[in-house]
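Structure record follows, encoded as structure tokens.
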Amino acid sequence: MSYLDPDLSGPWAAVLSDRYGRADAQQLLTAMVHDVFPGRIALVSSFGAESAVLLHMLSEIDRHIPVLFVDTGKLFGETKRYRDQLVARLGLTNLQTISPDPNALSGKDPKGLLFAQNPDACCYWRKVEPLERALKGYGAWISGRKQFHGGARTHLKRIEAADKRIKISPLADWSRADIERYFDRHDLPKHPLEADGYLSIGCMPCTQRVAPGGDIRSGRWSGLDKTECGIHLSLSNARKQASL
């Protein structure tokens, strides 16, 4: 089976869900990489607190699959060092670091303070637009989202249509305990900020520590009516949210 017509992404997602609905995460990833989207799939990774799980799985399937990392220009230095540590540890050979368009930033965020004025627009120009650019030519991409993160992710599907592509979330139904067991089983290093209370790690200005017992994503855009950066919205909705 091959991905032929991007206009068929909706029905195609339903077919794939029916065919691979009972596959475990590793089996699902293997099928998507080798059988369904060979040469047309990438993993999008933030190299955040839970990212090592999918990166490790991918390394056991094919270490040459593209790993797309969006460097917004506002990330923690610890995240970049963790990225380099994991890439070396897992032998990943195709890390692609994506950056915002400098011309867009010079016009939209010349002082680098857009995050304080319009965080949705900041996310759009520093993350959504660069990733959309990077995904051109791919039929599918892999996401690390999980239902236990709550909010809009509570009813997350493992396979869905997204802007004429297929989005795969192999860990959608995993629990936090599942993540911890995988880290322990494979002796994977933790993000250095996790021990300091950062449980969901994005850009430095918009990420805070999570209070003991707090929601795992409560440290993201704390105090704002915002729970997602926009890359998991449709492109049209991300643009609308950013008031573009």
Output the residues belonging to segment 57-83 that are open to solvent by 10 Å² or more (accessible area, probe 1.4 Å) and closer than 30 Å to Lys108 by Cα.
Pro66, Val70, Asp71, Gly73, Lys74, Leu75, Phe76, Gly77, Glu78, Lys80, Arg81, Arg83
If you scan segment 127-144, which residues turn out to be closer than 16 Å to Val70 by Cβ and either among the aromatic types (Phe, Trp, Tyr) or open to solvent by less than 20 Å² (accessible area, probe 1.4 Å) (or both)?
Val128, Pro130, Leu131, Leu135, Tyr138, Trp141, Ile142, Ser143
Within segment 211-240, considering residues that are open to solvent by less than 80 Å² (accessible area, probe 1.4 Å) and β-branched (Val, Ile, Thr), the one modelled with the highest pLDDT:
Ile231
Residue list for segment 189-236, filter: touching a helix residue (DSSP H, G or I) at 6+ places or on another chain (Cβ under 7 Å), among the aliphatic types (A, V, I, L, M) and not in a helix (DSSP H, G or I):
Leu193, Ile201, Ile216, Leu224, Ile231, Leu233
Are any residues in segment 163-186 touching a residue at least 12 places away in the same chain (Cβ under 8 Å), open to solvent by 20 Å² or more (accessible area, probe 1.4 Å) and small (Gly, Ala, Ser), and if so, which ones?
Ser175
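The values are calculated or read from the model by the stated rules, or taken from the named source; none is laboratory data. Please read all numbers here as calculations on a predicted model, not as lab measurements. FYI the Cβ positions are ideal-geometry reconstructions off the backbone, even for glycines, and counts take in every protein chain you see. Each accessible area value is taken on the protein alone, full model and side chains, heavy atoms only, with ligands, DNA and RNA left out. Shrake-Rupley method; radii C 1.70, N 1.55, O 1.52, S 1.80 Å.
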